[in-house]
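One structure is given here, and the rest of the page talks about it.
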Amino acid sequence: MNGLSSTKSSVSKASVITDFKEITKMGLSISVVFSALAGYLLGAESIDITTLLLLAFGGYFMVGASNAYNQIIERDLDALMDRTKNRPIPAGRMSVNTAFIIATSFTVLGLITLYIINPKTAMWGAISIFLYTSVYTPLKTKTPLAVFVGALPGAIPFMLGWVAARNEFGIEPGTLFAIQFFWQFPHFWSIGWFLHEDYEKGGFFMLPTGKPDKGTAVQIIMYSVWTVLASIIPVFGFTGDLQLSIVGAILVFLLGLVMLAFALKLFQKRTIKAAKQLMLSSVFYITMLQIIYVVDKFLR
C-alpha cells in the first residue's frame with residue numbers, strides 16, 4: 001500500500017508541474033525571455049548579472065501571467081479545439097480560481113521585479129500584459145486584425161531588454177520592436193494556416209483573408225520582406241547605438257532569404273506542410289538574428 005501511495009503521490013506531483021508549465025506556456029515564455037535578454041545584451045554598456053536575472057524572472061512572470069489569463073478567458077473555446085482541449089482548465093485538471101491566483105501572483109511579481117530594474121521596464125511590461133489579455137484575446141473571435149494587435153505586445157520583449165539596460169526609449173529599442181513586430185506576421189499566419197480547421201472550431205479569425213488562400217500567402221510574403229528590411233537597417237548607421245557590421249548584415253540577410261524562400265514556397269504549394277516549414281524557418285530566423293546581433297556587437 002505504501003508503494004502504491006508513493007507512486008500516486010509522484011504522479012500527482014508530476015501532473016501539477018506539467019499543468020503549471022502548460023498554464024504559463026513555459027516553452028513560449030522562455031523564448032520570450034531569450035528575446036529580452038538579447039535586447040539587454042545589445043543595450044548594456046556593461047553587463048550586470050543582477051539585472052539579467054531580474055529581467056529573466058520578471059519577463060517570465062509577465063509572459064506566464066498573460067498566458068494564464070488567456071487560458072482563463074478562452075477556456076470554453078479551448079475545449080472545442082484539438083490542440084487545446086487537454087489544457088489544464090478545459091481538461092478539468094485545474095480550476096479557474098487556481099489559474100487566476102497563478103496569473104495574478106505572476107503579474108504582481110513580474111511588475112515588482114521589472115520595477116526594481118527601472119520604472120520604464122515595468123511600464124512596458126504592464127502595457128504588454130494589458131494589450132495581450134484585454135485587447136488581443138477578445139479580438140481573436142471577432143476580426144483578423146487581432147493578429148496585428150497581438151503583434152504589439154509580442155514585439156515588446158526584444159526592445160524591453162534595451163530599456164532595462166538603458167532606462168530610455170529611443171530609435172534603438174524602436175528598431176528592435178519593429179523587427180519583432182513585422183516578424184510575427186509570417187510566423188503566426190503560418191501557424192494560423194496549418195491550424196486553420198482547428199481554429200475554426202473555436203471561432204478564431206487568425207488569417208488576414210479569413211482562409212488559407214493566395215491572398216494570405218501574398219501578405220505573408222510582404223511581411224517577410226519587411227521583416228528582412230527592418231532587420232538590416234542598423235548596418236546603415238541610422239539607429240544610434242544599435243549597430244550591425246557588414247558581415248552581420250549579410251548573415252541576417254541570408255537568413256531572411258531562407259525564410260522568404262519558404263514564404264514563396266507556401267504561395268506556390270499552399271499546403272499544410274509548406275506552412276509548417278515556414279513556421280519553423282521563422283523561429284530559426286528570429287533566434288539566429290538575435291544571436292548574430294549580440295555576437296556582432298561583442299566582436300566589433
For this session: Evaluate the distance, in nm, between pseudo-label points positioned 7 Å from the Cα of residue 280 and of residue 53 along their respective Cα→Cβ axes.
Result: 3.8
For this session: Give the whole-number value, in cubic angstrom per residue, of the convex hull volume spanned by the C-alpha atoms of segment 205-293.
Result: 96
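So, with +1 on the Cβ of K and R and -1 on the Cβ of D and E, and no other charges, what is the size of the charge dipole of the chain about its Cα centre, to the nearest 20 debye? Working shown, then result.
Details: 23 positive and 16 negative charges, 160 e Å.
So the dipole magnitude of the chain works out to roughly 760 debye.
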Exercise. Taking +1 at the Cβ of each Lys and Arg and -1 at the Cβ of each Asp and Glu, which of 129, 189, 254 sits farthest along the dipole of the chain towards its positive end, judged by Cα position relative to the Cα centre?
Worked result: 189
Exercise. GNM, the chain, Cα, under 10 Å: largest mean-square fluctuation among 260, 251, 114?
Worked result: 251
Problem set entry | Value of [θ]222 nm, deg cm²/dmol, for the chain, DSSP H segments ≥ 4, -39500 (n - 2.57) each, nearest 500 | -25500 deg cm²/dmol
For this session: Note down the relative contact order for segment 105-202 as a percent, whole number, built from C-alpha pairs under 8 angstrom at least six residues apart.
Result: 24
Problem set entry | Relative contact order (%) - segment 55-130, alpha-carbon pairs under 8 angstrom, separation at least six | 42
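Rounded to the nearest percent, how much of the accessible area of the chain (1.4 Å probe, protein heavy atoms only) is carbon and sulfur?
68
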For this session: Obtain the radius of gyration and the Kirkwood radius of segment 60-153 from its C-alpha atoms and give Rg over Rh.
Result: 1.01
Exercise. Distance from the Cα centre of segment 16-56 to that of segment 88-129, in angstrom?
Worked result: 14
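Based on the alpha-carbon gyration tensor of the chain and its eigenvalue square roots a ≥ b ≥ c, which shape applies: rounded if a/c is under 1.5, prolate if not and a/b is larger than b/c, or oblate?
Cα axes put the chain in the oblate bin.
Under the definition of Cα pairs under 8 Å and six or more residues apart, what whole-number percent is the relative contact order of the chain? Before the final figure, lay out each step's value.
Numbers: 436 pairs, mean separation 54.0, N = 300.
Dividing the mean separation by the residue count of the chain yields 18 percent.
The values are calculated or read from the model by the stated rules, or taken from the named source; none is laboratory data. The structure presented is a predicted model; accordingly, all values stated were derived computationally and were not measured. With ideal geometry, Cβ positions are generated from the backbone for all residues, glycine too; neighbour counts draw on all protein chains shown. Quick note on the areas: whole protein, heavy atoms, side chains included, nothing else; ligands and nucleic acids left out. Shrake-Rupley method; radii C 1.70, N 1.55, O 1.52, S 1.80 Å.
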